[in-house]
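> Sharing a structure, written as structure tokens. Questions coming.
What follows draws every value from the coordinates through simple rules; no lab data is involved. Fair warning: this is a prediction, and the values are worked out from it, not measured in the lab. Don't worry about glycine lacking a Cβ; one is built from the backbone with ideal geometry, like all the others, and counts go over all protein chains shown.
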Amino acid sequence: MDLRTRLADWPAAGPQIAGSLRNLGLETIGDLLFHLPQRYQDRSRLTPIASLVDGQDALVRARVEITDVRYAGRRQLRVVLSDEGRGLLLRFFHFNEGQRAAFAAGRWVQAYGSVRFGSSGPEMVHPEYRVADDEHAFQTSDALTPVYPLTAGITQPRLRRLIEAALRLATTDVHLAAQLPGLPAPDSLPALRSLHAPAGAADATLLIEGTHPAQQRLIREELLAHQLCMRLLRRQVRTRPAPSLGDLPASADALEAVLPFRFTGAQRRVIGDVARDLEARRPMLRLVQGDVGSGKTVVAAAAMLAAARAGYQSALMAPTELLAEQHYANLSRWFTPLGIDVEYLAGKMKKSEREQRLARVSSGAAPIVVGTHAVFQQSVAFDRLALVVVDEQHRFGVQQRLSLRDKGPQGSSPHQLIMSATPIPRTLAQTVYADLDVSVIDELPPGRTPVTTVVVNNVKRDEVLTRIADACRAGRQVYWVCTLIEESEELDAQAAEATAERLKAELSDIRVGLVHGRLKSDEKDAQMRDFKNGDTQLLVATTVIEVGVDVPNASIMVIENAERLGLAQLHQLRGRVGRGATASQCVLLYQLPLSNTAKSRLETMRSTTDGFRIAQADLELRGPGEILGRRQTGVIGLRIADPVRDQALIPPLQQLADDWLERYPLDAQRLIARWVGDVEKYGQV
Ligand code: ADP
Ligand code: MG
């Protein structure tokens, strides 16, 4: 029996408990040690009933006044405790006669639970409790009680006992006892012990604040493991050969000659970064971050041109069909004068058409291929793939990137250029994309006037309508965005249709168009084309226009129920206006009541257009998991570290990671196994 023993083979757990623990990602006894408390209960102090605070956990001691059983929706046992004339109601929905009898009037109860203020004052539902005849029969506990993340089939006390047993087994584990170079004391095992079994009142404040040395130690271990893992993944890719493409500077010049504009300084600088990567015989792994509208596409196009001119193929993958179409249109427009064909792999194509196009891809006859991620995930074979461009990184996981490893010619890996319009704060990027080099396009093309944003209560919708009608009559164009009401494309589409009908009636002289996710792609195209050509003046849209669409004459955006959207999405949407020379406006309509978070979001949108500031605010409001989408939460999978709170720790740990890979590769493997699991599994999350 040691830390590597599987939980199912451990008599203390057994197959059934092991099954539940698997839902928490715990497979071995050792895994239990790294299932860390999410918070602590403090049972060291008694709180008088008069001082209870709504929403807080508290330990109370008082006498039973009345006990009865009632039907209030459900059958429940109600025990009223009283303390200096103030009452606390305990409610139990699951109880037996013995329990009921124990709560005899006049006896003493010590209860620990979360306090809610109901209609009749403070109450606790299903507190942990003890009953006694004498006030002095109870004790308070000196130490904190850990509270763990749970899953069905397992209780806190059960989990606590298992973890205590695991800690006892851990004392003889050699790996856990090993000193880890470069990390501060305490060592791993004493640190784990401090977190699972806090010593006493002295530790309590530090643990609750998260500043205890044991927590600081384990946070560093976890961040280091994460950096190590990302670096190993990067190495796996970077040890492969890649075609050297030395022609980027010349290709960029050739592209610029057919463009109606000059590159910005920032674009030129990023092209320089990419040129150095492409020249080397190792696969490029580069993330290009740039705010919406910063002009990432031409940077990618220059690289694709360099590949084509060297006789190789490149692929551009977009997150949506609409965006893929737009990339296809842009690339065709730019590359046709240069004599280079662009192939489009649409999501829906006639079988014969599809086969023809795939044949051109696999024979190498198509130098530039555009499609959605989905299209590329199916087996598309290339003849000489040298470069993959991924648009909108945050929807594309590590695993998907890894799957590109083998797509190059003769065992080589293609270069990877990832474009992200979600400006991720630097610290988070360092944690999440530690396997990528990062370039930032931090300058918008000239001639753009910043968007002014106003936040307007929906009761003033009529005033907004009047202004919009005036603007349309003056030749401007307007997006009207309906936000998601239900998690259903169908209902969403219906809501957008209803809104369009209503606006048509309200603004009878304005030509209104409509796009939503349920339209067939040719209908969607037609609607977008009409809007682009100015045939429609106001376009009602669901959030499908979030990415991509480029209509420079559209200078007003109204977002209905803006309070429902996250900052990242609002920022993306707003990026659709402000692309031409006219001053643009964004109107965020909201419906009361507003939550505090919604209020902060709207205020952030009103006060800044800087994508990086917005991303930072977003991170602070939501936490890292949500920003990256559910799947990426798993990819980060941090248990104790928080890339925002702990950002100052990251740079030195990056250095330490390099040092470890050089000098202590075995320790590196063990630390990864301890915190992350194995590298390949990590990629698959
Ligand atoms: P994003 O970075 O959001 O993907 P795009 O690549 O779609 O931005 O570029 C937004 C718009 O700006 C496009 O119409 C593009 O042609 C234009 N654009 C890109 N670079 C420049 C530039 N240097 N000068 C003027 N317009 C540019
Ligand atoms: Mg783009």
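> What value, in deg cm²/dmol to 500, does the helix sum -39500 (n - 2.57) over DSSP H runs of n ≥ 4 give at 222 nm once divided by the residues of the chain? Provide the component values of the computation, followed by the final result.
Details: 27 runs with 286 residues, N = 685.
After summing the helix terms and dividing by the residues of the chain, the value is -12500 deg cm²/dmol.
> Please turn the phi angles of the stretch 136-143 into ³J(HN,Hα) values with the Karplus equation 6.51 cos²θ - 1.76 cosθ + 1.60 (θ = phi - 60°), one per residue in order, whole Hz, x for glycine and proline.
So the Karplus estimates, Gly and Pro as x, are 8, 6, 9, 10, 9, 9, 6, 8 Hz.
> Tell me, 95, 103 in order of fewest to most beta-carbon neighbours within 10 Å?
Values: 95 17, 103 22.
Least to most surrounded, the residues fall as 95, 103.
> Looking at the stretch 135-236, which trypsin sites (Lys or Arg not before Pro) are DSSP coil and have at most 12 other C-beta atoms within 10 Å of their C-beta? Could the numbers behind the result be given before it?
Values: sites: 158, 160, 161, 168, 193, 217, 220, 231, 234, 235; in loops: none.
When the trypsin sites (Lys or Arg not before Pro) of the stretch 135-236 are filtered for loop state and at most 12 Cβ neighbours within 10 Å, nothing remains.
> Report the Cα centroid-to-centroid distance between the stretch 266-293 and the stretch 164-188 in angstrom, as an integer.
With the stretch 266-293 and the stretch 164-188 each reduced to a Cα centre, they are spaced 43 Å.
> Same structure, new question: At residue 452 and residue 505, where each label point lies 7 Å from the Cα along Cα→Cβ, what is the point-to-point distance in nanometres?
3.2 nm
> Short version: ³J(HN,Hα) in whole Hz for each residue of the stretch 4-19, in order, from phi by Karplus 6.51 cos²θ - 1.76 cosθ + 1.60 (θ = phi - 60°), x for Gly and Pro, what are they?
8, 4, 6, 4, 5, 8, 9, x, 4, 9, x, x, 5, 4, 4, x
> If you don't mind, another one. Straight distance only, please: which lysines reach the Cα of residue 532 with their own Cα at less than 30 Å, same-chain residues fewer than 8 apart left out?
Once the sequence-local lysines are set aside, what remains near residue 532 is 296, 348, 350, 460, 504, 520, 524.
> Check residue 369: other-chain or 5+ apart residues with amide H under 5 Å from its amide H, H built from backbone geometry?
For residue 369, the qualifying residues are 314, 315, 316, 343.
> Separate question: For an R0 of 45 angstrom, estimate the FRET efficiency from the Cβ-Cβ distance between residue 664 and residue 167 and round to the nearest 0.05. Can you show the working numbers first?
Working: r = 26 Å, r/R0 = 0.57.
So, using R0 = 45 Å, E works out to roughly 0.95.
> Arrange 253, 642 by Cβ neighbour counts within 10 Å, fewest through most, would you? Intermediate values should be presented prior to the final figure.
Working: 253 11, 642 15.
Going from least to most buried by this count: 253, 642.
> Roughly what percent of Cα-Cα pairs across the stretch 280-322 reach past 16 Å? Please list the in-between numbers first.
Details: 456 of 903 pairs.
It works out to 50 percent of all Cα pairs.
> Can I ask one more? Measuring from label point to label point, each 7 Å out along Cα→Cβ, what is the residue 152 to residue 63 span in nm?
4.5 nm
> If each residue of separation counts as 0.36 nm, what is the full-extension length gain between residue 72 and residue 673 once their alpha-carbon separation is subtracted?
Contour length minus the Cα-Cα distance gives 211.2 nm.
> Relative to the first principal axis of the alpha-carbon coordinates of the chain, what is the inclination of helix 489-506, with its axis defined by its Cα atoms, in degrees from 0 to 90 and to the nearest 10?
60 degrees
> Just to confirm the filter: which trypsin sites (Lys or Arg not before Pro) across the stretch 447-531 are DSSP coil and have at most 13 other Cβ within 10 angstrom of their Cβ? Walk me through the intermediate numbers first.
On the way: sites: 448, 460, 461, 467, 473, 476, 502, 504, 511, 518, 520, 524, 529; in loops: 448, 476, 511, 518, 520.
Loop-located and lightly packed - 520.
> Using 0.36 nm times the number of residues separating residue 612 and residue 120, minus their current alpha carbon distance, what extension gain do you get? Let's see the in-between values first.
On the way: separation 492, 0.36 × 492 = 177.12 nm, distance 4.73 nm.
Going from the current span to full extension adds 172.4 nm.
> Quick check: pseudo-label points 7 Å beyond the Cα along Cα→Cβ at residue 363 and residue 596, how many nm apart are they?
Here the answer is 6.5 nm between the modelled labels.
> What residues qualify as long-range amide H neighbours of residue 125, i.e. H under 5 Å apart, gap of 5 or more or another chain, H built at 1.01 Å from N?
Amide H to amide H, under 5 Å and 5 or more residues apart or across chains, residue 125 pairs with 91, 114.
> Suppose R0 equals 45 Å. What FRET efficiency, 1/(1 + (r/R0)^6) with r the Cβ-Cβ distance, do residue 142 and residue 238 give to the nearest 0.05? Before the final figure, lay out the partial values.
Working: r = 53 Å, r/R0 = 1.17.
E(calc), rounded to 0.05, equals 0.30.
> Can you give the longest run of the chain that contains no GluC sites (Glu not before Pro) sitting in a DSSP loop with at most 14 other Cβ atoms inside 10 Å?
Details: sites that count: 84, 486, 487.
Between exposed loop sites, the widest span is 85-485.
> Also: For the chain, state what percent of all Cα-Cα pairs lands in each successive 20 Å bin, counting from 0 Å until the bin that includes the largest distance.
15, 39, 33, 12, 1
> Let me ask something additional. Exposure proxy check: 604, 47, 155 ranked by fewest other beta carbons within 10 Å? Let's see the in-between values first.
On the way: 604 20, 47 17, 155 10.
If I rank by nearby Cβ atoms, fewest first, I get 155, 47, 604.
> Quote the convex hull volume per residue of the stretch 158-313, based on C-alpha atoms, as a whole number of Å³.
Numbers: hull volume 32.0 nm³, N = 156.
Enclosed volume per residue, from the Cα hull, is 205 Å³.
> So who's got an amide H within less than 5 Å of the one on residue 415, skipping anything under 5 residues away but keeping other chains? H placed 1.01 Å off N, in plane.
Under 5 Å from the amide H of residue 415 lie the amide H atoms of 284, 387, 388, each far enough along the sequence or on another chain.
> Let me ask something else. Quick check: residue separation of residue 205 and residue 51 times 0.36 nm, minus the Cα distance between them. What number comes out in nm? Don't skip to the answer; put the middle values down first.
Details: separation 154, 0.36 × 154 = 55.44 nm, distance 2.02 nm.
Extending this stretch completely gives an extra 53.4 nm.
> So how tilted is helix 665-675 from the main axis of the chain? Cα-based, degrees 0 to 90, rounded to 10.
70 degrees
> Mean separation of Cα pairs under 8 Å and 6+ residues apart, divided by the residue count of the chain: what relative contact order is that in percent?
On the way: 1243 pairs, mean separation 81.4, N = 685.
For the chain, the relative contact order is 12 percent.
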